[in-house]
Every structure is written in C-alpha cells, then in structure tokens.
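Notes for the one structure printed next.
Only the coordinates and a few stated rules stand behind these numbers; no lab work does. Just so you know, these numbers come straight off a predicted model, no measurement behind them. Using ideal geometry, Cβ is built from the backbone for each residue, glycine included, and neighbour counts are taken over all protein chains shown.
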Amino acid sequence: MGATIQTELPVITKAYSLLREMTRRTSKLPRDLKFVLGDRMLNTSYEILETLIAARYANDKRELIFRANLSIERLRFQVRICFDEKLISEKQYEYICGLILETGRMVGGWLKSVTK
C-alpha cells in the first residue's frame, strides 16, 4: 500500500483513489475506444486530482474547487457512456459511481465552506 502524507486532505485521497480506479478501467477498454473515451476519462480524472491539489494551496480556493466540481460532473457522464455501451459491468459502474459520488460530496462540502 502506498504511503500517504499525514496532512493530505481526505478529498485529495479520495480523488487519488478515483484516479487509480479509472486507470484500471480505461486500460481494459477496447482499443478503438481506449484512445477516445478512455483518454477523456483518464484526463478528466487527472484534472480533478490536480485541481484539488492546486486548490489546497491557493489563496482563493473557490474557483478551483468549482472547476473540480464541473470535472466530476463530466466524469460522471463519461462513465455513464461506458456503462450504457456495456464497456463496464453493472458492478464496476456502481463502484465507480460510488467513488465519484463520495468525491463529489466532499468537493461540494469544501465549496460550501469556502463560499461562506
């Protein structure tokens, strides 16, 4: 198991777990979709993690957190396309959706806390 820094925010840890899962799933997509849909999903997952890391250190966090929230929504639809096209199983879809939902809740809570 990888080492985590004790000061790592839970939302960043969750986004990292989501990225790891998306890396595993996209590597198994059919070749013709791996480089279109797979790359989009992987890039969106990286974008979520990188934006949250940037927000952690930014003075004005609101815009970055909002951008991460939009990326989460994009990823939600990208994963839905995979499921609808039967590229991932129902069990995989439920697991990924759970990670996305939990990450989204954490990001939403962070956004509320910086908006007040």
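The requirement of being in contact with a helix residue (DSSP H, G or I) (Cβ under 8 Å, 6 or more places away or on another chain) and closer than 23 Å to Gly109 by Cα is satisfied by Leu52. Looking across the range 26-85, the residues that are of a type in the set (Ser, Thr, Tyr) and without any contact (Cβ under 8 Å) to a residue 12 or more places away in the chain come down to Ser27, Tyr57. Taken over the range 86-108, residues that are in contact (Cβ under 8 Å) with a residue 40 or more places away in the chain and either in contact with a His (Cβ under 9 Å, 6 or more places away or on another chain) or not β-branched (Val, Ile, Thr) (or both) amount to 6. For the range 63-116, the set of residues classified as more than 26 Å from Val36 (Cα to Cα) and of a type in the set (Ser, Thr, Tyr) consists of Ser113, Thr115, listed by residue number.
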